[in-house]
1. How do the pairs read when you match residues in the range 196-208 that are polar (S, T, N, Q) with residues anywhere that are open to solvent by less than 60 Å² (accessible area, probe 1.4 Å) and in a helix (DSSP H, G or I), using Cβ under 8 Å and keeping only pairs 6 or more apart or on different chains?
2. Mind checking which residues of the range 14-49 are crowded, with 19+ Cβ neighbours inside 10 Å and within 13 Å of K103 (Cβ to Cβ)?
3. Are any of the residues in the range 103-110 part of a helix (DSSP H, G or I), touching a strand residue (DSSP E or B) at 6+ places or on another chain (Cβ under 8 Å) and aliphatic (A, V, I, L, M)?
4. Condition first: within 24 Å of the chain's Cα centre (by Cα) and open to solvent by 20 Å² or more (accessible area, probe 1.4 Å). Now tell me which residues in the range 153-168 satisfy that.
5. Going by the structure shown, is L60 hydrophobic (A, V, I, L, M, F, W, C), out of contact with any strand residue (DSSP E or B) (no Cβ under 7 Å at 6 or more places or on another chain), in contact (Cβ under 8 Å) with a residue 60 or more places away in the chain and open to solvent by less than 50 Å² (accessible area, probe 1.4 Å)?
6. Please find, among A617, A623, the residue that is at pLDDT 50 or above, open to solvent by less than 30 Å² (accessible area, probe 1.4 Å), small (G, A, S) and within 21 Å of G305 (Cβ to Cβ).
7. Quick one: G193 ticks every box in (1) over 22 Å from P427 (Cβ atoms); (2) surrounded by fewer than 11 Cβ atoms within 10 Å (Cβ to Cβ) except a single one, so which number is it?
8. Would you be able to tell me the number of residues in the range 508-561 that are over 52 Å from the mean Cα position of the chain (by Cα), in a loop (DSSP other than H, G, I, E, B) and among the small types (G, A, S)?
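The values are calculated or read from the model by the stated rules, or taken from the named source; none is laboratory data. Only a predicted model underlies this, so the values are computations on that prediction, with no experimental measurement involved. Quick reminder, even Gly has a Cβ in these numbers, built from the backbone with ideal geometry, and neighbours come from all protein chains shown. To get the accessible areas, we keep the full protein, side chains included, count just its heavy atoms, and leave off ligands, DNA and RNA. Shrake-Rupley method; radii C 1.70, N 1.55, O 1.52, S 1.80 Å.
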Amino acid sequence: MKILLIEDNLDSRRNLRRLIEKRGHEVTACASAEDAEIELANASFPFLILDWMLPGKSGLELCRSLRARPNGDEMFILLVTARTDAEDFEEAMEAGANDYMSKPFDVRRVNVRLSVAERHIHGVLERNQTRLALQESAQRMSDILEKTSDGFFSLDPDWNFTYFNAEAKTILSRERELLIGQNFWETFPKLLGSVFEKNYRQVMEEQAALEFEAASVNGRVWFEVHSYPSGGGGISVFIRDITERRRMEEERLTTSKLESLGTLAGGIAHDMNNILTVISGNIGLAQLETPTHSGNLLSFLGKAGQAAQHAARLSSQLLTFSKGGAPLKKVASIADLLTRAAEFSLYGSNLRAAVEIEDHLGKAEIDVGQIEQVINALMINAREAMPNGGAVSVSAENLTIDAQNVLPLPPGRYIKVTIADSGGGVPVNLVTKIFDPYFTTKANSSGLGLAICYSIIKKHGGFLHLESNSFSGATFAFYLPLARARVVGDPLQPQEDESRLNQRILVMDDEAAIRDLTSQLLSTMGYEVTAVPDGSEAVRIYERAARKGEAFQAVILDATIRGGVGGVETIERLRDLDPNVNAIICSGYSDAAAISQFLSYGFRGALSKPFTRRELADALQKALAGGPQNLAARDSGL
């Protein structure tokens with residue numbers, strides 16, 4: 001230990017120095033207070049042995065001046081004097097001396113005083129080291145808290161701010177200099193009575209950590225909160241904005257619910273379409289057999305047919321948001337479709353469409369009818385949100401999405417369409433439900449509108465969401481991939497009726513009622529029909545007819561055969577027998593891959609159940625008009 005000895009008497013200075021050095025200490029000796037101050041300016045001494053009476057400034061004055069310095073209380077000062085009065089001792093203590101030793105020196109007494117000083121100094125050094133370590137730890141913690149992506153603040157037991165990091169400043173929109181020392185509840189009075197108050201008070205009272213999620217007062221921002229008891233009975237809080245994460249979780253939940261319901265809806269719609277096919281077809285046959293003078297009967301049959309078509313549209317809607325309803329795509333102009341659909345949706349209302357479309361807006365590969373259905377539904381929503389009139393903002397732009405984008409879309413080029421109203425917005429408690437099937441707040445609505453829109457856009461490789469929502473209106477946005485190449489359109493157009501005599505048609509369907517109905521419908525058109533229940537039988541009959549020279553001019557194949565060979569596998573076998581086979585795919589599942597991409601499988605046409613007599617006739621006319629050369633050309637294009 002380094003000790004500074006200030007003694008003006010040479011002999012006393014030498015004797016003390018020897019005693020101290022024998023204990024292993026390093027001693028610097030000087031004869032005056034002025035010399036001592038010079039030594040202290042150049043070095044640090046934890047222990048001073050200071051004579052009271054010195055030439056010039058006295059030891060007592062030096063003691064007082066040293067104690068007045070920063071950190072002056074950390075050194076141990078032993079005051080040495082020949083005075084022995086109690087008043088002298090009290091004066092020495094008041095001046096700041098830690099101990100007092102009288103002259104003449106006694107070796108044992110000196111050693112005792114040195115031992116006391118050594119223990120005191122070691123204690124001071126340990127406390128200083130601990131304090132320094134705590135200061136360094138606090139600085140490291142402060143650095144961490146300042147750099148963390150979470151907001152952090154701490155409150156004392158009286159709910160006053162004691163710390164506030166940079167991210168908390170952003171989240172809470174307050175300057176930290178203005179908050180330190182301020183009361184939390186007085187600063188944020190709107191939180192009184194909220195889940196924040198309940199949980200913070202619980203942490204404060206129970207001194208136990210608590211984690212929770214809660215929304216801001218206006219419900220627009222969600223936070224993840226980790227609150228802990230802190231030293232002294234206060235509370236420390238980490239807070240993170242999880243609004244985007246919550247939105248993505250809700251989107252995933254919505255998707256999951258739609259997919260689950262879609263599995264059920266697809267099966268129901270398939271069976272319903274089979275039934276409706278029989279109903280619609282038999283109504284058509286009944287209309288053919290009804291005398292023209294039976295006006296009432298024809299009227300009744302017409303109304304029944306209209307009802308069947310209405311049921312067919314409902315079935316189609318079910319398939320659209322189920323795993324069914326795959327779009328029959330072609331490259332189309334979104335600009336033209338958006339303008340036409342927006343204006344049509346608002347026709348007859350007190351609203352107008354404020355359309356803003358980017359120059360050179362790209363085209364998309366879409367099912368025009370389905371995308372028009374989406375636009376109509378969103379425009380009608382906007383129309384209902386603005387009963388007092390106004391303008392619905394409609395815009396479209398080309399957009400490139402990169403890997404860092406939060407949207408659940410792969411990187412690439414898209415067309416973004418937004419439809420914004422200036423109504424009252426979607427109620428906060430309903431935001432997570434608007435895409436749920438059958439959820440509606442309207443008395444006369446099925447609740448399928450937005451659910452179907454969501455499914456349609458998803459099946460086009462895009463995404464639909466509520467982009468923004470406030471008391472001043474809601475904005476829906478959907479994204480569609482830009483078309484990469486032109487889709488080959490159907491070059492087969494209906495031609496004038498020609499003689500169908502001696503034209504043979506093979507029909508394959510596992511439903512006996514549909515086989516009978518299709519046969520009857522085709523018979524009324526003049527075709528000769530053979531009907532079979534599955535693909536294996538169809539291949540056998542087709543091959544036998546070809547060997548006998550009684551080839552079929554066309555085959556109509558059901559896509560799905562329960563427990564048997566379906567349409568896609570059947571066409572592969574038929575094309576092995578006859579590369580120029582005229583085949584039409586037919587299904588109650590409009591999502592069957594062969595329905596939406598029938599040409600690539602070798603079919604010349606597609607027919608969705610339920611179908612009318614006219615639709616059946618048109619499909620056959622197109623297929624028969626194509627000819628082998630057209631099929632070859634179309635296959636080479638694909």
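1. These pairs meet every condition: Q207/G233.
2. Scanning the range 14-49 gives L16, I49.
3. The initial filter retains those residues of the range 103-110 that are part of a helix (DSSP H, G or I), namely 107-110.
Of the ones still in play, those that are also touching a strand residue (DSSP E or B) at 6+ places or on another chain (Cβ under 8 Å) are 109-110.
Subset that is aliphatic (A, V, I, L, M): 110.
Taking every residue of the range 103-110 in turn, at least one turns out to be part of a helix (DSSP H, G or I), touching a strand residue (DSSP E or B) at 6+ places or on another chain (Cβ under 8 Å) and aliphatic (A, V, I, L, M).
4. Step one: filter the range 153-168 for residues within 24 Å of the chain's Cα centre (by Cα), giving 167-168.
Selection gives E167 alone.
5. Numbers: hydrophobic (A, V, I, L, M, F, W, C): yes; out of contact with any strand residue (DSSP E or B) (no Cβ under 7 Å at 6 or more places or on another chain): yes; in contact (Cβ under 8 Å) with a residue 60 or more places away in the chain: no; open to solvent by less than 50 Å² (accessible area, probe 1.4 Å): yes.
Criteria not met by L60.
6. Values: A623 fails: within 21 Å of G305 (Cβ to Cβ).
Result of the check over A617, A623: A617.
7. Going through the list (1) over 22 Å from P427 (Cβ atoms); (2) surrounded by fewer than 11 Cβ atoms within 10 Å (Cβ to Cβ), G193 breaks only (1).
8. Of the residues in that region, 3 qualify.
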